[in-house]
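Working notes, structure below.
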Amino acid sequence: MKQVFRDAIARIDFRTADGSLSRGTGFLVTDRLVLTARHVVADGGELVKGPLTLQFPGQAVKASVVEGCTDVESDWALLECEESLDTPPLRLANLEEDGVQWTTFGFPREMGPLGMAHGGTVRNAAAAVSASQAFPSIQLFSDEA
């Protein structure tokens with residue numbers, strides 16, 4: 001993975017109500033906004049109220065969930081960092097082709113603080129999670145899984 005991509009990916013850490021550490025992944029979409037999965041910033045289904053720590057390569061920042069900018073069904077949440085980052089954000093793109101190879105880097109809860117790379121193939125670039133979903137999902141095959 002190119003370093004410019006890796007630099008825009010953060011490890012997200014926070015303590016749950018019972019004191020255990022919760023961890024996940026997010027990525028910069030602007031100089032202050034980070035996109036993540038909603039389940040990463042939820043404790044027992046409820047969004048975290050306090051600050052989150054986002055660890056980018058060589059830089060840690062505090063962030064919080066942007067009010068009204070989450071979706072349970074599509075499992076996404078937008079976070080706002082307390083300060084701007086100099087790291088270029090990842091550009092979003094359309095993916096309309098099956099069979100394309102993909103790679104990613106993240107911090108699954110089970111893998112510890114250093115993170116890991118994954119890769120695989122796009123199986124269905126226009127999949128759907130549910131009949132009511134307003135936009136397509138991307139069905140991926142993971143070599144590691």
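Within the range 1-77, which strands (runs of 3 or more DSSP E) (wholly inside it) include 1 or more residues that are without any contact (Cβ under 8 Å) to a residue 24 or more places away in the chain, closer than 25 Å to A117 by Cβ and among the hydrophobic types (A, V, I, L, M, F, W, C)?
In the range 1-77, 21-28, 59-71 are the strands (runs of 3 or more DSSP E) which contain 1 or more residues that are without any contact (Cβ under 8 Å) to a residue 24 or more places away in the chain, closer than 25 Å to A117 by Cβ and among the hydrophobic types (A, V, I, L, M, F, W, C).
How many of the residues making up the range 84-101 are at pLDDT 90 or above and either within 26 Å of A63 (Cβ to Cβ) or under 18 Å from the mean Cα position of the chain (by Cα) (or both)?
Here the count works out to 7.
Would you be able to tell me the number of residues in the range 64-78 that are aliphatic (A, V, I, L, M) and loosely packed, with under 15 Cβ neighbours inside 10 Å?
2
Mind counting the residues in the range 96-131 that are open to solvent by 60 Å² or more (accessible area, probe 1.4 Å) and assigned to a loop (DSSP other than H, G, I, E, B)?
8
The values are calculated or read from the model by the stated rules, or taken from the named source; none is laboratory data. For clarity, every value in this text was computed on a predicted model and none was experimentally measured. Don't worry about glycine lacking a Cβ; one is built from the backbone with ideal geometry, like all the others, and counts go over all protein chains shown. These area figures cover heavy atoms from the full protein model, side chains too; ligands, DNA and RNA do not enter into them. Shrake-Rupley method; radii C 1.70, N 1.55, O 1.52, S 1.80 Å.
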